[in-house]
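Notes follow the structure.
The values are calculated or read from the model by the stated rules, or taken from the named source; none is laboratory data. Remember, predicted model here, so these are calculated numbers, not experimental data. Positions of Cβ are generated from backbone atoms using ideal geometry, with glycine treated the same way; all protein chains shown enter the neighbour counts.
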Amino acid sequence: MRFDLVLVGFGNVGRRFAALLDEQRATLSREYGVTTRIVGLVTRRRAELAGAKTPAPQSTIDFIRRAAAVHRASARTRRLVVVETTTLDVRTGRPAIDHVRAALAGGAHVVTANKGPAAFAYRDLMRAAARARRRFLFEGAVMDGVPIFNLVRETMPAVRINGFRGIVNTTTNFILTAMERGEPFDKALAAMQRAGIAEADPSLDVDGWDAAAKTAALANVFLGARMTPRAVRRRGLSAALARRAVAARRSGRRLKLVAEARRAGRRVMARVGPTVLSDHDLLAGVDGRQNALILETDLLGEIAIVQRGGDLTQTAYALLSDLLTIARDVRR
């Protein structure tokens, strides 16, 4: 079964995803009966659309609509997938939200690593996907390729999640671990930028906005919240926290940027901020590029998921995992 892919955004994650498709081509065909073809690619400076007889439109929304029209045979048979990897706009979640809506309206499934759609418009987009009988998936939005959303959706029926807490931003966790060792804040941040892990605008990481967006997405999906990142109580990092990080470590504790949310009656309360943890706390042992999330459930107690290391391959894998989820649906 061949899927036609339209790539919206082609930065670090998008390029790694395209490379991963090539690397896994034989496995995808042999094990899953899936082949892929990139039929469209659009960025701020570039627009390419296979099968189009006239130049592709400059507007990204128009490009997505045009791609769905040109490849309507794939859309009609549920084999057209828009892969959205644009940069997070933490103020509105746009234009990623509009990209998702346009793709669903054109009969395409959507997979995205962008946190904005789930953090700002989860319920609306899920309803749009249901009306279109297409999938809207976003496993790569939180903790790279670790199957957080798949875990709950596929393996935890009848379980109610009452809250969660975790370390969900790799850049800030790396910086805090480095500052404990006496390394400068700026040097640690630069290392994350060189690795392509820090956000294109690193203030999204250090000011806590990336973690707030992930917290909102998790709260919307797991706790039924109607939350945006701006509703998350937020404090970020600065070089001034170095002394506090060192002091905590010397006393046998750890300073971490903790994201958490839980039900409070009919409300959901959420926060992100530097927190001193005891050495008995699982999150205290999460170092460097590691992430972790603890789910607080009614029937299973606490479930902890730890990512020992994250990079572009893990995020690209999340997109691939979502694509294979769609393939299983289409085959059924």
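Can we say residue 301 is modelled with pLDDT under 90 and either closer than 30 Å to residue 28 by Cα or not hydroxyl-bearing (Ser, Thr, Tyr) (or both)? Break it down into steps so the answer makes sense when it comes.
Working: modelled with pLDDT under 90: no; either closer than 30 Å to residue 28 by Cα or not hydroxyl-bearing (Ser, Thr, Tyr) (or both): yes.
Spelling it out, it is not the case that residue 301 is modelled with pLDDT under 90 and either closer than 30 Å to residue 28 by Cα or not hydroxyl-bearing (Ser, Thr, Tyr) (or both).
Based on this model, can you work out whether residue 237 counts as in contact (Cβ under 8 Å) with a residue 12 or more places away in the chain, touching a helix residue (DSSP H, G or I) at 6+ places or on another chain (Cβ under 7 Å), crowded, with 21+ Cβ neighbours inside 10 Å and in a loop (DSSP other than H, G, I, E, B)? Explain how you work it out, then say what you get.
Values: in contact (Cβ under 8 Å) with a residue 12 or more places away in the chain: yes; touching a helix residue (DSSP H, G or I) at 6+ places or on another chain (Cβ under 7 Å): yes; crowded, with 21+ Cβ neighbours inside 10 Å: yes; in a loop (DSSP other than H, G, I, E, B): yes.
Criteria met by residue 237.
For region 275-284, state whether one or more residues are of a type in the set (Asp, Glu) and more than 23 Å from residue 88 (Cα to Cα).
Scanning region 275-284, I find at least one residue that is of a type in the set (Asp, Glu) and more than 23 Å from residue 88 (Cα to Cα), so the answer is yes.
Please go through region 302-317 and pick out each residue that is in a helix (DSSP H, G or I) and either more than 17 Å from the chain's Cα centre (by Cα) or among the small types (Gly, Ala, Ser) (or both). I'd like the intermediate steps shown before the answer.
Applying the first criterion (in a helix (DSSP H, G or I)) to region 302-317 yields 312-317.
Listed by number, the list holds a single entry, 316.
Can you tell me which residue among 201, 210 is in a loop (DSSP other than H, G, I, E, B), acidic (Asp, Glu) and modelled with pLDDT under 95?
Checking each option against the conditions leaves just 201.
Matching residues to (1) part of a loop (DSSP other than H, G, I, E, B); (2) in contact with a Leu (Cβ under 8 Å, 6 or more places away or on another chain); (3) without any contact (Cβ under 8 Å) to a residue 60 or more places away in the chain; (4) surrounded by 21 or more Cβ atoms within 10 Å (Cβ to Cβ):
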{"position": "4", "(1), (2), (3), (4)": "no, yes, no, yes"}
{"position": "14", "(1), (2), (3), (4)": "no, yes, no, yes"}
{"position": "18", "(1), (2), (3), (4)": "no, yes, yes, no"}
{"position": "22", "(1), (2), (3), (4)": "no, no, yes, no"}
{"position": "27", "(1), (2), (3), (4)": "no, no, yes, no"}
{"position": "30", "(1), (2), (3), (4)": "no, no, yes, no"}
{"position": "38", "(1), (2), (3), (4)": "no, yes, yes, no"}
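Here are some residues: 284, 264, 270, 292. Which one is free of Cβ contacts under 8 Å to residues at least 24 places away in the same chain and assigned by TED's automatic domain parsing to the domain that holds residue 165?
Values: 284 fails: free of Cβ contacts under 8 Å to residues at least 24 places away in the same chain; 270 fails: free of Cβ contacts under 8 Å to residues at least 24 places away in the same chain; 292 fails: free of Cβ contacts under 8 Å to residues at least 24 places away in the same chain.
Answer to the selection: 264.
Go through 151, 137 for me and flag whichever is on the phi < 0 side of the Ramachandran plot and assigned by TED's automatic domain parsing to the domain that holds residue 84.
One residue alone meets the criteria, 137.
When you go through 299, 320, 283 one by one, which is the residue that is loosely packed, with under 15 Cβ neighbours inside 10 Å, not in a strand (DSSP E or B) and not β-branched (Val, Ile, Thr)?
Only one candidate passes the filter, namely 299.
If you go through region 209-238 one residue at a time, how many are touching a strand residue (DSSP E or B) at 6+ places or on another chain (Cβ under 7 Å) and β-branched (Val, Ile, Thr)?
2
Given the options 158, 105, 113, name the one that is touching a residue at least 12 places away in the same chain (Cβ under 8 Å) and over 20 Å from residue 42 (Cβ atoms).
Values: 105 fails: over 20 Å from residue 42 (Cβ atoms); 113 fails: over 20 Å from residue 42 (Cβ atoms).
Being touching a residue at least 12 places away in the same chain (Cβ under 8 Å) and over 20 Å from residue 42 (Cβ atoms) holds for just one of 158, 105, 113, which is 158.
Name the strands (runs of 3 or more DSSP E) wholly inside region 57-168 in which the number of residues that are in contact with a Leu (Cβ under 9 Å, 6 or more places away or on another chain), surrounded by fewer than 23 Cβ atoms within 10 Å (Cβ to Cβ) and not aromatic (Phe, Trp, Tyr) is 1 or more. Talk me through it step by step, then tell me what you get.
Numbers: elements: 80-84, 109-112, 161-167.
By residue number, 161-167.
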